[in-house]
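Working notes, beginning with the structure itself.
The values are calculated or read from the model by the stated rules, or taken from the named source; none is laboratory data. The shown structure was predicted, so the numbers you read here are calculated from the model rather than taken from an experiment. Ideal geometry is used to build each Cβ from the backbone, glycine not excepted, and the neighbour counts take in all protein chains shown. Heads up: the accessible areas ignore ligands, DNA and RNA and are worked out on the full protein's heavy atoms, side chains in. Shrake-Rupley method; radii C 1.70, N 1.55, O 1.52, S 1.80 Å.
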Amino acid sequence: TCFFFSFFKTLVGHTIIVELKNDLIIEGVLHAVDQYLNLKLRNISVHDEDKYPHMISVKNCFIRGSVVRYVQIPKDHVDVPLLQDSARLEAKQLKEASKH
Amino acid sequence: MADTLGTTVEEPLDLIRLSLDERIFVKLRGDRELRGKLHAYDQHLNMILGDVTETHTVVEIDEETFEEIVKPVKREIDMLFVRGDSVILVAPPIRT
């Protein structure tokens with residue numbers, strides 16, 4: 001029941017692009033993640049900095065999981081068949097758990 | 001119904017399970033739609049989609065005529081995590 005938490009842990013140390021619900025787009029290295037999918041990013045850069053100058057001097061940030069819309073991840077990081085099988089397994093386990 | 005392989009379809013989430021490795025259509029809040037291949041999901045409808053096209057429908061207002069101009073803006077992303085709380089619906093691809 002913490003499928004994406006585990007998935008994000010595999011992304012620690014990698015560069016990701018986080019799109020927030022307020023349309024802000026932040027690129028940075030994933031430093032930490034928790035069960036709520038809160039994120040800590042390091043060495044961030046804001047896409048379209050001219051439009052969003054609020055974070056020009058910010059190097060590291062904490063992002064509340066609930067404000068995230070998307071996270072763009074490197075395609076080659078993902079083992080597609082493994083991910084799909086893990087999702088199937090997770091769904092099955094959740095169903096078994098809810099039955100008993 | 002025997003459920004040795006978890007293949008029986010009983011609840012809505014099971015229908016999504018059937019769509020793994022298939023292309024799907026996702027309607028999101030904020031007048032956004034995604035089309036991509038479903039690689040993973042959970043009970044919150046958090047998802048990972050591959051080879052995604054996002055279509056974001058924007059309404060512009062002409063300064064002079066004040067008419068509303070509705071136009072779709074497309075974006076392509078190789079691999080995308082989508083947070084479930086934005087999701088409105090999930091379906092097989094709709095042909096428009």
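For the list (1) out of contact with any Cys (no Cβ under 9 Å at 6 or more places or on another chain); (2) free of Cβ contacts under 8 Å to residues at least 60 places away in the same chain; (3) within 14 Å of another protein chain (Cβ to nearest Cβ), I need the number of the one condition that A:Glu49 fails.
Evaluating A:Glu49 over (1) out of contact with any Cys (no Cβ under 9 Å at 6 or more places or on another chain); (2) free of Cβ contacts under 8 Å to residues at least 60 places away in the same chain; (3) within 14 Å of another protein chain (Cβ to nearest Cβ) leaves (3) as the failure.
Quick one: in region B:37-47, which of the residues that are in contact with a Gly (Cβ under 6 Å, 6 or more places away or on another chain) and assigned to a strand (DSSP E or B) is surrounded by the fewest Cβ atoms within 10 Å (Cβ to Cβ)?
By that ranking, first place goes to B:Lys37.
May I ask you to list the residues in region A:16-33 that are over 14 Å from A:Phe62 (Cβ atoms) and either among the acidic types (Asp, Glu) or surrounded by fewer than 15 Cβ atoms within 10 Å (Cβ to Cβ) (or both)?
Of everything in region A:16-33, those that are over 14 Å from A:Phe62 (Cβ atoms) and either among the acidic types (Asp, Glu) or surrounded by fewer than 15 Cβ atoms within 10 Å (Cβ to Cβ) (or both) turn out to be A:Glu19, A:Asn22, A:Asp23, A:Glu27.
Restricting region A:52-84 to residues that are assigned to a loop (DSSP other than H, G, I, E, B) and open to solvent by 80 Å² or more (accessible area, probe 1.4 Å), which is farthest from the other protein chains (Cβ to nearest Cβ)?
A:Ser57
Kindly indicate the residue of region A:85-94 that is out of contact with any strand residue (DSSP E or B) (no Cβ under 6 Å at 6 or more places or on another chain) and closer than 19 Å to B:Val82 by Cα and also farthest from the other protein chains (Cβ to nearest Cβ) among those meeting that condition.
A:Asp85
Residue check, A:Ile44 against (1) in contact with a Gly (Cβ under 7 Å, 6 or more places away or on another chain); (2) in a loop (DSSP other than H, G, I, E, B), all met but one. Which one?
(2)
So which of B:Ile77, B:Ile61 is in contact with a strand residue (DSSP E or B) (Cβ under 7 Å, 6 or more places away or on another chain) and touching a residue at least 24 places away in the same chain (Cβ under 8 Å)?
Step by step, each of B:Ile77, B:Ile61 is checked, and only B:Ile77 is in contact with a strand residue (DSSP E or B) (Cβ under 7 Å, 6 or more places away or on another chain) and touching a residue at least 24 places away in the same chain (Cβ under 8 Å).
Of the conditions (1) within 8 Å of chain A (Cβ to nearest Cβ); (2) open to solvent by less than 40 Å² (accessible area, probe 1.4 Å); (3) touching a Pro at 6+ places or on another chain (Cβ under 9 Å), B:Asp21 fails just one. Which one is it?
Here B:Asp21 clears every test but (2).
Out of B:Gly50, B:Gly30, report the one residue that is surrounded by fewer than 13 Cβ atoms within 10 Å (Cβ to Cβ) and at the interface with another protein chain (Cβ under 9 Å from one of its Cβ atoms).
After applying the criteria, what remains is B:Gly30.
Name the single residue, out of those in region B:53-96 being in a strand (DSSP E or B) and in contact with a Phe, Trp or Tyr (Cβ under 9 Å, 6 or more places away or on another chain), that is surrounded by the fewest Cβ atoms within 10 Å (Cβ to Cβ).
Per the stated criteria, the residue is B:Leu89.
Tell me, yes or no, whether region A:22-29 has at least one residue that is small (Gly, Ala, Ser), over 16 Å from B:Ile77 (Cβ atoms) and part of a strand (DSSP E or B).
yes
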